[in-house]
1. In region 62-93, how many are in contact with a Ser or Thr (Cβ under 7 Å, 6 or more places away or on another chain) and hydroxyl-bearing (Ser, Thr, Tyr)?
2. From the list 109, 87, 92, pick out the single residue that is within 16 Å of residue 26 (Cα to Cα) and in contact with an Asp or Glu (Cβ under 9 Å, 6 or more places away or on another chain).
3. Mind counting the residues in region 1-21 that are touching a Lys or Arg at 6+ places or on another chain (Cβ under 8 Å) and modelled with pLDDT under 95?
4. List every residue pair whose Cβ atoms lie under 6 Å apart, where the two residues are 6 or more positions apart in sequence or sit on different chains, the first residue falls within region 57-69 and is aliphatic (A, V, I, L, M), and the second residue, located anywhere, is surrounded by 11 or more Cβ atoms within 10 Å (Cβ to Cβ) and not in a helix (DSSP H, G or I).
5. For the subset of region 98-113 comprising residues that are closer than 19 Å to residue 124 by Cβ and within 16 Å of the chain's Cα centre (by Cα), which member is surrounded by the most Cβ atoms within 10 Å (Cβ to Cβ)?
6. For region 114-123: of the residues being under 12 Å from the mean Cα position of the chain (by Cα) and assigned to a strand (DSSP E or B), which is nearest to residue 70 (Cα to Cα)?
7. If you scan region 33-45, which residues turn out to be under 13 Å from residue 20 (Cα atoms) and not aliphatic (A, V, I, L, M)?
8. Can you tell me which residue in region 1-44 is farthest from residue 86 (Cα to Cα), limited to those that are over 14 Å from the mean Cα position of the chain (by Cα) and among the small types (Gly, Ala, Ser)?
Amino acid sequence: MKLALTALLVRDYEEATAFYCDALGFRLIEDSDLGEGKRWVVIGGDDGGSLLLAKARKPEELAAVGNQFGGRVGLFAQTQDFEAVQARLIKAGAMFEERPRQEPYGTVAVFRDLYGNRWDLIEPKNGEAS
């Protein structure tokens, strides 16, 4: 069994794709028109992990944009160049909640994306992947 995708509610396909691809460095894997304003938009990292960007439409979906994890960190991005990714994120409007800190597993800092979802940006210690 393999976890194939994780859905992430967004307000707009274009703004979400631009942020997650330009600022975080993910790549657009698929963008297919499903009709009636719906699209199948998948972004992902180079070594696996993919998000399905789902445009919120219903009131309860719109209310959950940016708070899908109840205020907890719910998404984790790994990089081999923490400073460069952090600089891109700040330039794109991400808000870091703390300065980078050292943990046994590497360098980490919590940031909020363009919608307010909380992420950990992690540079693994000694290039180790988790």
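1. 0
2. 92
3. 0
4. Cβ pairs passing all conditions: 62/56; 64/9; 65/9; 65/11; 65/56; 65/115.
5. For region 98-113, the residue satisfying everything is 111.
6. 118
7. Once the filter is applied, which keeps residues that are under 13 Å from residue 20 (Cα atoms) and not aliphatic (A, V, I, L, M), region 33-45 yields 44, 45.
8. Here the residue is 35.
The values are calculated or read from the model by the stated rules, or taken from the named source; none is laboratory data. As the structure is a prediction and not an experimental result, all values here were calculated from the model. Here the Cβ is made from the backbone with ideal geometry for all residues, glycine too, and neighbour counts use every protein chain on show.
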